[in-house]
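Here the structure comes first, spelled out in structure tokens, and everything after it is commentary.
The values are calculated or read from the model by the stated rules, or taken from the named source; none is laboratory data. Given the structure is predicted, the values throughout are model-derived calculations rather than measurements. Counting neighbours? That spans all protein chains shown, and the Cβs are built from the backbone with ideal geometry, glycine included.
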């Protein structure tokens with residue numbers, strides 16, 4: 001490779017690197033921050049699944065607010081995005097199982113919830129009604145969960161990323 005080609009290659013590499021560095025984040029400072037994941041607890045026993053709370057995303061939830069903001073309203077986000085859920089499951093049976101969520105045009109399945117153990121799983125569910133059942137446990141009555149369309153911004157929560 002001659003000196004002219006080496007110089008041209010170096011110029012192209014520098015220009016390419018400058019273009020990549022110049023591509024900044026497409027987010028604006030005044031955009032609402034995404035909502036904090038909503039927690040739902042599920043207890044699995046041999047007779048039934050118990051879900052608490054049974055309805056989420058219908059309004060601002062007191063349990064989602066951090067103490068510094070409990071007396072201030074949460075600003076809503078105008079979005080049709082699914083609700084970010086963190087499901088904490090406690091399997092009180094001797095059977096390893098999985099949670100199956102069906103409804104509102106979406107089916108989802110968790111990882112294994114081992115016998116006599118807890119498990120934590122993340123789901124994104126659009127607004128609608130859902131049935132939650134335990135796989136391989138047909139004798140356990142399924143639970144129901146209603147997901148509303150309200151999404152709260154974490155804009156007022158200064159301790160969150």
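Name the single residue that is modelled with the highest pLDDT among those in segment 55-65 being in contact with a strand residue (DSSP E or B) (Cβ under 6 Å, 6 or more places away or on another chain) and either in a loop (DSSP other than H, G, I, E, B) or surrounded by fewer than 16 Cβ atoms within 10 Å (Cβ to Cβ) (or both).
That would be 55.
Consider residue 68 against the criteria (1) over 22 Å from residue 149 (Cβ atoms); (2) at pLDDT below 65; (3) surrounded by fewer than 11 Cβ atoms within 10 Å (Cβ to Cβ): it satisfies all of them except one. Which criterion is unmet?
Every condition holds for residue 68 apart from (3).
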